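*Asks:* Can you keep this structure in mind? I'll have questions shortly.
The values are calculated or read from the model by the stated rules, or taken from the named source; none is laboratory data. These numbers were taken from a predicted model, which means no experiment stands behind them. All Cβ positions, glycine included, derive from the backbone under ideal geometry; neighbour counts span all protein chains shown. Just the protein is used for accessible areas: all its heavy atoms, side chains included, with ligands, DNA and RNA removed. Shrake-Rupley method; radii C 1.70, N 1.55, O 1.52, S 1.80 Å.
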Amino acid sequence: MPTRFQTFLLAFLLLLGRARAETGYSAWLEYGPSAGRYEALPDIVVALGDSPVMQSARQELQRGLKSMLGKNVRETAHLPEENAIVIGTFAEVVKLSIMFGVPADFSDDGYVLKDVVIGPRHYLLAAGRNERGVLNGVFALLRKIALGELLDDLNVAEIPANALRIVNHWDNLNGTIERGYGGRSIFWENDHVTTNLARVGDYGRLLASIGVNGCSLNNVNADSRLLTPAYLPEVAALAGALRPWGVQVYLSVDFASPQKIGGLDTFDPLDPRVAAFWSGSIDRLYAQIPDFGGIVLKADSEGRVGPSAYHRTHADAANVIARALRPHGGVLFYRGFVYDHHMDWRNLKNDRARAAYDNFHALDGAFDDNVLVQIKHGPIDFQAREPVSPLFAGLEKTRRAIELQITQEYTGQQRHLCFLVPMWKEVLDFDLRFHGENTPVKALVAGKAEHQPPGAFVGVSNVGRDTNWLGSILAMANLYGFGRLAWNPDLSADQIAREWTQMTFGANSQVVQTISDMELHSWRTYENYTGPLGAQTLTDILGSHYGPGIEASEKNGWGQWHRADEQGIGMDRTVATGTGFIGQYPPEVARLYESEATCPDELLLFFHHVPYTHVLHSGKTVIQSIYDSHYEGAGAAAAFVKQWESLHGLVDESRYAEVRKALEYQSGHAMVWRDAICQYFARLSGIPDAQGRVGHHPNRVEAESMELNGYRVVPVTPWEDASGGEAIALTNRTGMAGFRYNGPSGHFDLAVQYFDQNNGAAHYRVTVNGATVDEWTADRWLPSALLDGNTSCRRTVRGIKLQHGDRIDIEGSADGGEKAGVDYVEVNSPAELNP
């Protein structure tokens, strides 16, 4: 029995080791000291089996118990005459005469955690029908310990709601990642497999810990070379790195591969030569990778060729590959993201939202049973808010996979905190009233509704080589949440947020409460300062998909229209007068959306074009709601900084500083969004803000009104992305912009709104009466080389003493193409910093 001093010393050393290791790389598997009491937990493990997956399970158990409890776990292959932890498949456990009740229909990957008493001995059992189930059970046990849960009289049996729980990656062979915000590919570099397979294995461990059992390795805009014999050993190497964690690999393929690499003059899916090409290619894949999972296919979408080239159907395209996969037990994920991106925007009956249903509903029942139609959760494209795709109810005989986007393409690109689990929960719990019955989306996907085939969960992950995988520590909650929901979509957003926070940052109650609260409010906050009332995220859809660009979605063929004009805003998707999209839903849901009187406020502009003076259920007009929500959202983003600062000293310094910097950036960028949206709609509608905020910034000094030396005034495009539509940029390598402070004397926060382009690293210095009060280099990577809403940033110096008449100057030094642009300066009392 250790003394009290020894116990204290052990805890101190564990905390010290944790503090040194906290880079974000271990994510939620930090395995810091547990808050629970587990003195009675055995320190002997009986591991039944020595396959790679069983070795991972055994080693993970030893690693977790050592790190969290300080236990040096001994291993034996035989049942000892003392208490022990037993891990193995059901078949192996029964051989030891350990009897326990398991339902006959217990599925693969499920696990049992049970305290089994045999005579005077207690055996803590972690068992599964297959070895992946054993691994899932071990991770579940370690999660319980990390969360401080009781293990007394343990009796848990869990099976996954979805047999296939897959992450898609949009990685290219050259190492870039489409819509990747966490660094370069962990799989590919310089057109070959990465040399760092250890990192791939570590990613497999993270996936296994949340129950994910599949991973596609490349972009859905696929490179045909991956199916050539030269690349198959490289794919096999990646499969080998993921295999010990029970994660099967998948590949995205180019539908034109028979022509591009097969030597054929066609890729017609009904041509026997094409079928032979796919059969031979798949056979070679399985020869290299016997446990290969299957294929992901994007066809007839966004310039990718497909069956329409030969007047064939999507079922023809899917089945020719699925039949090549069938002898090997493989599956085909056929993406339902098929639409015409050259639609005539002037035709008010055209509607991208209709596309998935229009393309696939009539083919229901024509797909082979190893085909899953992969459906984005909403009918457009991962917007901050969309309704549920009606295709989930439009397919009855076809397997469905729901596609969720973990990488935050339209939701802040991991530069903004935006916890997506609450949004996903709204989608999964939405009752589509299929055949007039209670049928939430999660039941339709899982095949739990009557006579429905089983489906799958797919998440677009796009982790990269950044230390913390996604480029943001807090964004990792989305990857964790995806896995937990894929396993059990009944879990609440609150439970998932608290689990992730405690496993990532430790059990301190203030830390858990504060971070969970921030995560849970972040999606609505982001929605509030970006896309109002279902008008979608009003971003630059023609470029970055990041900063504000309200008109980018109009007057083009991409179909993400919001139809804003001088009188009103919104898409008329009604059956009565609009595009008819609402008619794709089951009748009860269609009736809800068809009437403005019953349509929820948060989706009104998705389904209806209404005047700005239309009164919402909230009692506000549409235009006032736009103003209010954007000011509320920006205020909430600023509050995140204060919430995080309350944790100083309770979170390790490196992660504290990294997250604080990110939240301060988000707070500033939320104000860019706020001002852009509000300025735009105030000008368009001609209706002022009832609270007098929009266009009124009494503490703001526009850069174009300052005394300029080496700077010139430049227009900003789009105009609403800069205060007053203009900014200043250097004409030479250096310059200065300055003004006299004409406010009252006192201590103030000085905020500089500047531009951080991605084609250089300009330097800024701020002086008051010649004395430097702040300086920095604009070296953040943002997705634009222009002065616009993508690159507009805010730098705040707190508590500066100012006297009336003081001289404030900004000195800029250009670098590369970055011209040290400035939009404005604000001098505020601390309480007014985020008005």
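*Asks:* Given the rule -39500 (n - 2.57) for each run of at least 4 DSSP H residues, summed and divided by the residues of the chain, what is its mean residue ellipticity at 222 nm, to the nearest 500 deg cm²/dmol?
*Replies:* Result for the chain: -9500 deg cm²/dmol, rounded to the nearest 500.
*Asks:* Carbon and sulfur together cover what percent of the accessible area of region 240-305 at a 1.4 Å probe radius?
*Replies:* 51
*Asks:* While we're on this one: Can you compute the FRET efficiency between Asn174 and Tyr38 using 1/(1 + (r/R0)^6), with r the Cβ-Cβ distance and R0 = 56 Å? Round to the nearest 0.05.
*Replies:* 0.70
*Asks:* Identify all lysines with a Cα-Cα distance to Lys66 below 28 Å; exclude those on the same chain that are fewer than 8 residues away in sequence.
*Replies:* Filter leaves Lys114, Lys144.
*Asks:* If you don't mind, another one. Exactly which trypsin sites (Lys or Arg not before Pro) in region 648-740 are in a DSSP loop and have at most 15 other Cβ atoms within 10 Å?
*Replies:* In loop regions of region 648-740 (DSSP not H, G, I, E or B), the sparsely surrounded trypsin sites (Lys or Arg not before Pro) are Arg733.
*Asks:* Also, quick follow-up: So if each residue of separation counts as 0.36 nm, and I subtract the Cα-Cα distance between Gln513 and His192, what length gain in nm does that give?
*Replies:* Result for the pair: 111.1 nm of gain on full extension.
*Asks:* Quick one, can you get me the convex hull of the C-alpha atoms of the chain expressed as volume per residue in Å³?
*Replies:* Dividing the Cα hull volume of the chain by its residues yields 173 Å³.
*Asks:* Residues with amide H under 5 Å of Leu538's amide H, sequence separation 5 or more or different chain, H placed in the peptide plane at 1.01 Å from N; which?
*Replies:* Result for Leu538 returns Gly531.
*Asks:* While we're on this one: Just tell me which lysines come within less than 27 Å, Cα to Cα, of Lys661; anything on the same chain fewer than 8 places away is out.
*Replies:* Within the straight-line limit of under 27 Å, Lys661 reaches these lysines: Lys642, Lys801, Lys819.
*Asks:* I'd like the Karplus ³J(HN,Hα) series for region 684-691: coefficients 6.51, -1.76, 1.60, θ = phi - 60°, whole numbers in Hz, and an x wherever there's a Gly or Pro.
*Replies:* Taking θ as phi minus 60°, the curve returns 5, 7, x, 9, x, 5, 4, 9 Hz for region 684-691.
*Asks:* Further question on the same structure: I'd like the Karplus ³J(HN,Hα) series for region 624-637: coefficients 6.51, -1.76, 1.60, θ = phi - 60°, whole numbers in Hz, and an x wherever there's a Gly or Pro.
*Replies:* 3J(HN,Hα) across region 624-637, in whole Hz: 5, 5, 4, 4, 5, 5, 6, 6, 5, x, 5, x, 5, 5.
*Asks:* Which chymotrypsin sites (Phe, Trp or Tyr not before Pro) does region 580-651 hold that lie in a coil by DSSP with at most 16 other beta carbons within 10 Å?
*Replies:* Loop-located and lightly packed - none at all.
*Asks:* Another question, if that's okay. Please state the Cα pair-distance histogram of region 318-426 with 5 angstrom bins from zero: what percent is in each bin?
*Replies:* With a bin width of 5 Å, the distribution comes to 2, 11, 19, 18, 17, 14, 11, 5, 2, 0.
*Asks:* Show which aspartates and glutamates lie in cross-link reach of Lys71 when reach means a straight Cα distance below 12 angstrom and same-chain residues fewer than eight apart are skipped.
*Replies:* Filter leaves Glu39, Asp43.
*Asks:* If you find the alpha carbon centre of region 631-667 and of region 242-318, how far apart are they in angstrom?
*Replies:* With region 631-667 and region 242-318 each reduced to a Cα centre, they are spaced 46 Å.
*Asks:* Could you work out the relative contact order of the chain? I mean the mean sequence separation of Cα pairs under 8 Å and 6+ apart, divided by the number of residues, in percent.
*Replies:* 9
*Asks:* Let me ask something else about it. Within region 137-171, find all residues whose amide N lies under 20 Å from a label point positioned 7 Å from the Cα of Asp494 along Cα-to-beta-carbon.
*Replies:* The answer is 147-150.
*Asks:* Can you pull out the GluC sites (Glu not before Pro) in region 91-150 that DSSP calls coil and that have at most 11 other Cβ atoms within 10 Å?
*Replies:* none
*Asks:* In whole angstrom, how far apart do the alpha carbon centroids of region 43-115 and region 153-216 sit?
*Replies:* 25
*Asks:* How far apart, in nm, are two points set 7 Å out from the Cα along the Cα-to-Cβ line at Lys801 and at Arg712?
*Replies:* Those two pseudo-labels are separated by 4.1 nm.
*Asks:* For region 58-213, take N as its residue count and report Rg(C-alpha) divided by 2.2 N^0.38 Å.
*Replies:* Output field value: 1.25.
*Asks:* Ordered by residue, what ³J(HN,Hα) values in Hz, to whole numbers, does region 47-61 give under the Karplus form 6.51 cos²θ - 1.76 cosθ + 1.60, where θ = phi - 60° and Gly and Pro are x?
*Replies:* Couplings: 9, 9, x, 9, 6, x, 5, 5, 5, 4, 4, 5, 5, 5, 4 Hz.
*Asks:* With all protein chains present, how much of the accessible area of region 452-531 (probe radius 1.4 Å) comes from carbon and sulfur, to the nearest whole percent?
*Replies:* That fraction is 43 percent.
*Asks:* Something else about it: What residues have an amide H closer than 5 Å to that of Gln452, excluding those fewer than 5 places away on the same chain, when H is modeled at 1.01 Å from N in the peptide plane?
*Replies:* Those lying under 5 Å, H to H, from Gln452: there are none.
*Asks:* Can you tell me the length gained on complete extension of the stretch Glu588 to Ala230, counting 0.36 nm per residue apart and subtracting the Cα distance?
*Replies:* Length difference between fully extended and current span is 123.5 nm.
*Asks:* Once you place label points 7 Å from the Cα toward the Cβ at Arg74 and Ala309, how far apart are they in nm?
*Replies:* For the pair Arg74/Ala309, the computed spacing is 6.6 nm.
*Asks:* At 1.4 Å probe radius, can you tell me the per residue accessible area of the chain in Å²?
*Replies:* 36
*Asks:* For a quick check: with amide H placed at 1.01 Å from N, whose amide H comes under 5 Å from Ala401's, ignoring anything fewer than 5 positions away on the same chain?
*Replies:* Result for Ala401 returns Val373, Gln374, Ile375, Ala456.
*Asks:* Right, something else. What is the pair-distance distribution P(r) of region 461-509, computed from all Cα-Cα distances in 10 Å bins starting at 0, with each bin given as a whole percent?
*Replies:* Per 10 Å bin, starting at 0, the Cα pair percentages come out as 25, 49, 25, 1.
*Asks:* Any chance you could run the full-extension gain for Ser618 through His361? It's 0.36 nm times the residue separation minus the Cα-Cα distance, nm to one decimal.
*Replies:* Here the answer is 88.9 nm.
*Asks:* Considering the options Phe100, Leu708, Gly543, tell which one lies farthest towards the positive end of the dipole of the chain, charges being +1 on Lys and Arg and -1 on Asp and Glu at the Cβ, about the Cα centre.
*Replies:* Farthest towards the positive pole: Phe100.
*Asks:* What FRET efficiency comes out for Gln567 versus Trp719 if R0 is 25 angstrom and r is the Cβ-Cβ distance? Round to the nearest 0.05.
*Replies:* 0.75
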